[in-house]
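Colleague: Got a structure for you, written out below as C-alpha cells; questions coming shortly.
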Amino acid sequence: MPNIIPGIESFTEMLVWAAVAGLAIRFAPIGQPKIRIWVAIAVVLLIVGYMPFEVGTYRTGQLTTIGAWALVALGLNLLTGWSGQISLGHGAFVLIGAYTAAILGDNVEQIGMYVDGGQWPWWLAMLAAGCVSGFVGLLVGIPSLRLTGPYLAVATLALIIAAPSVFEHYDEYTGGRNGLRAPQPGVPGFLDFLGLERSEWFFFLAMFLVILGAAGLWAISNSKWGRAFVAVRESEVAAQAMGVSVARYKVFAFSMSAFYAGVAGALYVFAVSGYVGPQTIAVALSINFLTAIVIGGLGSIMGAIIGGFVVVLLPDVSTDIGSLFLGEQDGARLWPTVYGLILILVMILMPYGMAGFINRLGHTRPGRHLRSLRELPDRISTRMTELRERAAP
Amino acid sequence: MDLLLAPQIWDNTKLFLDQVVAGVATGSIYGLVALAIVLIYRSTDVINFAQGEMALFVTFVGWSLVQADVDYIFMFILVLALAGALGAFVELTVIRPVENAPVLNIVIVTLGLFTIFNSLALFIWGQGELPKSFPATPIGGELDTFDFELFTLRQHRFAIIIIACGVMMALYFLFNHTKLGLAMRATAHNQVAARLMGINVGRMLMLGWALASMAGAVGGMLVAPIIFLDGTTMFRVILYAFAAAVLGGLDSPPGAIVGGIAIGITDNIVRTFALGPIFIGPDLASAAALLILVAVLLIKPTGLFGHQAVRRV
C-alpha cells in the first residue's frame, strides 16, 4: 500500500500528526468552537483508527494496551478528578477484573456457573468482570468513607500490595503462582467482511470500549451526578448542606471507577496478554495510573486518555530522549532518570496537566501578549524614573 | 509450611520472644523511614515517595566509602552529612517551585524523584555485582547473636534498636529543647504565623527535608546489612514505612515509631506462628500486616496518634 502522506508510516509520527491535526482544528480561527471540538475529535479518531493498518502488530498491541490503561484512567479520573478521592490501589481492581474474566472465559468448571453449558462468551465475561470489580469497589468504598487524603491513599496502596499474594494463596481458582491462561476471542462474525487481523480486531475493540467509556464519563459528568461529585470534592460540608448525600455519591464514584478498572482488566487479559498472574499488575503500575491522570489532567476526559498514552509511551519517549543526549547505551540504562525529569518538568510547567495546558492554550490571546511586550520598554522606563525620584528626593 | 509444622504461639515462648524482639528491630527501621515521612508531611502536607530512594542513594555512597577503607563511624557521619545536603538541595531546587501547587502535583514530583534516584543509583553502582553486601555496625555483626535469659537476638538487630533510640532522643531534644526546634514546630503548625514571628519559613522547610533525609539514611544504612543493597532494597521498606506512618498518624513523630514497631512485630509473628487453628503463613504475612493497618484506620481514621483536622466552615 503506497503511503498517502510521505513519512507518515512511523508510529510516533502518526501520533504526532494526530495531535497536531486535532490541535490545529481545535484552535482554528473559523467556525463555532463547539463544532470544531467535535471535528477535531473525529479527525484524531480517524487518524488513530487508521494506524493499525500501518504500524505493524507490535505497535498495534501497544495501542491496545494504551486503550486498556486509558479505560482505567477514565475510571480513576472519575474517582480522583471529579469526586476528589485518591486511590493508589486501582491496580487491584484491574487484577480482580482480569482474574474474573480469565476464570469465566476458561476455567469456568471451577465455579460451576455455565452459560449455554460452556465457557462464557468474552463480552459477557467482560461485563461480569466489570460488575464483580464494581461490587468489590462498593465494598471498599463504604469503609473508605471514613478516610481522607493521604490516609485513603495508603489504605488503597495496601490493597494492591496485598492483592497479588491473596490471589496466589487461594490457588484453586486462580492457578496460584502460575496464573491463568485466557482464550483470546476471535473476530466476531458480523465483522468478517472487513477482513481484520486479530491484532487489528483487538485494537478496534479497545478503541470502541474507550469511546464508550469516555462517552459514559461525559454523560455522568454533565448530569446531576457529575455536579454532585464536584460539590463533594470542593467541600463536603457545603455539599451536605445543599442536600447532596455525600456518602452515597462517594461510594458510587468508587464503585463506578472500579467497574471501569474491571472492564479494563478483562480487556487486557482478552486482547493484550491472554494470561493473568499475580504479577500482571505490579505496585508500580498501579501508582503509575495515578501519575498518568495527574500528568494528563485531573477532571478531564481528554486528560485520562492522554494518561493511557503516558503509562505506555512515556518510558519509550524517555529512552529516546535519553539516547539522544547520552548515547544509545547510557540512554537505555538511564531512561527512568529522564522519565522522572519529565514528570517534574510537566508538573512545574503545567500544573493542571497536559489537558489543562491545552485548554489554557485556547484562552491565550497572542495579540495581548505582543502588545504587552511592545509596551514593556515604556513600563520599565517609567518604573526606573519612579525609583530614581524616590531615591533622590 | 503446613499448619501441623507451624509452631503454636503458646508452645514456644522463647521463639515467640525472639520473634517479638526481632520484630522490634526491623520495625525500628520502618519507624525511622516513617519518621522521615512524618517530618515532611507535618510541614508540607506531602507524602514523600522518594524518601526511600534518597536513602538508597546515600547508602550506596556509604558502600563506596567502605570499599575505600573508610572507618565505619566516619563513613556513617559522612553519609549523614551527604543525606542532609541532598535533602536540602532537593527541597530548594525541585520542591520549592511547586510549593503552592495542589498536593497531588507535589506527590507526582516526589514520584519523579523516586525514579531519578533509583535509576541513578543503579547506573552508578549497578555495573558490578548486585546485590552488594553492606557492613553491620561496629556493635555487632548480622550473623552473631547475643544470648539473653529469655531470648536470643542477633547483634545487628540489637544495634538497630540502640541507634533508633539514639535518633529519636536526638530529634526529641532538637524539637523540644532548642530554639531551632521550636521554630521548626512553629513552621509546621502555621506557616503564616511563623513568618510573622520572624521565622525564615523557607529555611525551616529546607532544614526539615534535610533532617528527614538524614533519618531515612540511618534507616537505609541499618537495613542494608540485613537485606543487601540492590535497586529494590528500599521499595519494600518504604511501603511498610508508609503503613507505619499512617498507622501511627501522619502528623505524629512518636506515632511513626510505634506504628513501625507494631507492623514489624505483626509481620514477624504472622510469618512464624499459628494462632490455634489459624495459620496464615509467610506468603500472606504482608497482607495480614496491612489488614491490621486498614482495621486500625477504620476505627481511628487518622491513625493511632494523629489529630483529627478541625476545619472551620
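Colleague: Which number in (1) open to solvent by 10 Å² or more (accessible area, probe 1.4 Å); (2) facing chain A (nearest Cβ under 7 Å) marks the one condition that residue B:92 misses?
Modeller: (2)
Colleague: I've got another one for you. Of the numbered conditions (1) modelled with pLDDT of 90 or more; (2) touching a Lys or Arg at 6+ places or on another chain (Cβ under 7 Å), residue B:209 satisfies every one except a single condition; which is it?
Modeller: All conditions pass for residue B:209, except number (2).
Colleague: How many residues are among the aromatic types (Phe, Trp, Tyr), open to solvent by 50 Å² or more (accessible area, probe 1.4 Å) and at pLDDT below 90 if we restrict to the range A:92-148?
Modeller: Qualifying residue count for the region: 3.
Colleague: So which helices (runs of 4 or more DSSP H) stay within the range A:227-332 end to end and still have 1 or more residues that are under 12 Å from the mean Cα position of the chain (by Cα)?
Modeller: Fully inside the range A:227-332 and qualifying: A:246-267, A:283-296, A:301-326.
Colleague: How many residues does the range B:230-240 contain that are crowded, with 24+ Cβ neighbours inside 10 Å and over 21 Å from residue B:94 (Cβ atoms)?
Modeller: Result for the range B:230-240: 3.
Colleague: Here is a follow-up. For the range A:194-211, name all the residues that are hydrophobic (A, V, I, L, M, F, W, C) and surrounded by 13 or more Cβ atoms within 10 Å (Cβ to Cβ).
Modeller: Once the filter is applied, which keeps residues that are hydrophobic (A, V, I, L, M, F, W, C) and surrounded by 13 or more Cβ atoms within 10 Å (Cβ to Cβ), the range A:194-211 yields A:196, A:201, A:202, A:203, A:204, A:205, A:206, A:207, A:209, A:210, A:211.
For every residue, the table says whether it meets (1) of a type in the set (Lys, Arg); (2) open to solvent by 10 Å² or more (accessible area, probe 1.4 Å); (3) within 14 Å of another protein chain (Cβ to nearest Cβ); (4) without any contact (Cβ under 8 Å) to a residue 24 or more places away in the chain.
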site	(1), (2), (3), (4)
B:9	no, yes, no, no
B:19	no, yes, no, no
B:22	no, yes, no, no
B:25	no, no, no, no
B:29	no, no, no, no
B:42	yes, yes, yes, no
B:50	no, no, yes, no
B:54	no, no, yes, no
B:59	no, no, no, no
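Colleague: Every residue in the range A:345-393 that is under 18 Å from residue A:306 (Cα atoms) and charged (D, E, K, R), please.
Modeller: A:360
Colleague: Okay, moving on. Within the range B:1-114, which helices (runs of 4 or more DSSP H) (wholly inside it) include 2 or more residues that are modelled with pLDDT of 90 or more, among the charged types (D, E, K, R) and at negative phi?
Modeller: none
Colleague: Before we move on, is residue A:187 without any contact (Cβ under 8 Å) to a residue 60 or more places away in the chain, over 30 Å from residue B:242 (Cβ atoms) and among the hydrophobic types (A, V, I, L, M, F, W, C)?
Modeller: For residue A:187, the condition - without any contact (Cβ under 8 Å) to a residue 60 or more places away in the chain, over 30 Å from residue B:242 (Cβ atoms) and among the hydrophobic types (A, V, I, L, M, F, W, C) - is met.
Colleague: Let me ask something additional. Quickly run through the range A:154-173 and pick out the residues that are closer than 18 Å to residue A:291 by Cα and more than 7 Å from every other protein chain (Cβ to nearest Cβ).
Modeller: Listed by number, the residues that qualify are A:156, A:159, A:160.
Colleague: Being under 27 Å from residue A:80 (Cβ atoms), open to solvent by 50 Å² or more (accessible area, probe 1.4 Å) and part of a helix (DSSP H, G or I) is the filter here; which residues of the range A:334-374 pass it?
Modeller: Scanning the range A:334-374 gives A:335, A:341, A:345, A:348, A:349, A:354, A:357, A:359, A:360, A:361, A:363.
Colleague: Looking at the range B:129-139, which of the residues that are crowded, with 18+ Cβ neighbours inside 10 Å and either closer than 13 Å to residue A:343 by Cβ or among the hydrophobic types (A, V, I, L, M, F, W, C) (or both) is nearest to the other protein chains (Cβ to nearest Cβ)?
Modeller: For the range B:129-139, the residue satisfying everything is B:134.
Colleague: For residues that are modelled with pLDDT of 80 or more and not in a helix (DSSP H, G or I), scanning just the range B:254-306, find the one that is surrounded by the fewest Cβ atoms within 10 Å (Cβ to Cβ).
Modeller: Out of the qualifying residues, it is B:300.
Table: residues versus (1) among the aliphatic types (A, V, I, L, M); (2) open to solvent by 40 Å² or more (accessible area, probe 1.4 Å); (3) within 18 Å of residue A:215 (Cα to Cα).
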residue: A:228; (1), (2), (3): yes, no, no
residue: A:237; (1), (2), (3): yes, yes, no
residue: A:250; (1), (2), (3): no, no, no
residue: A:260; (1), (2), (3): no, no, yes
residue: A:264; (1), (2), (3): yes, no, yes
residue: A:267; (1), (2), (3): yes, no, yes
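Colleague: Considering each of B:201, B:218 in turn, give the residue that is in contact (Cβ under 8 Å) with a residue 24 or more places away in the chain, closer than 23 Å to residue B:94 by Cβ and surrounded by 15 or more Cβ atoms within 10 Å (Cβ to Cβ).
Modeller: B:218 is the lone residue from the list that is in contact (Cβ under 8 Å) with a residue 24 or more places away in the chain, closer than 23 Å to residue B:94 by Cβ and surrounded by 15 or more Cβ atoms within 10 Å (Cβ to Cβ).
Colleague: Got a number for residues in the range A:116-150 being within 14 Å of another protein chain (Cβ to nearest Cβ) and in contact with a Pro (Cβ under 6 Å, 6 or more places away or on another chain)?
Modeller: 2
Colleague: When only residues in the range B:105-128 that are without any contact (Cβ under 8 Å) to a residue 40 or more places away in the chain and more than 7 Å from chain A (Cβ to nearest Cβ) count, which is surrounded by the most Cβ atoms within 10 Å (Cβ to Cβ)?
Modeller: The residue in question is B:127.
Colleague: Follow-up question, since we're still on this one. Sort through A:352, A:339 and tell me the only one that's among the hydroxyl-bearing types (Ser, Thr, Tyr) and facing chain B (nearest Cβ under 7 Å).
Modeller: When all the criteria are applied, what remains is A:339.
The values are calculated or read from the model by the stated rules, or taken from the named source; none is laboratory data. These numbers were taken from a predicted model, which means no experiment stands behind them. Every residue, glycine among them, receives a Cβ derived from its backbone with ideal geometry; neighbour counts consider all protein chains shown. Ligands, DNA and RNA are excluded from the accessible area calculation, which covers all protein heavy atoms including side chains. Shrake-Rupley method; radii C 1.70, N 1.55, O 1.52, S 1.80 Å.
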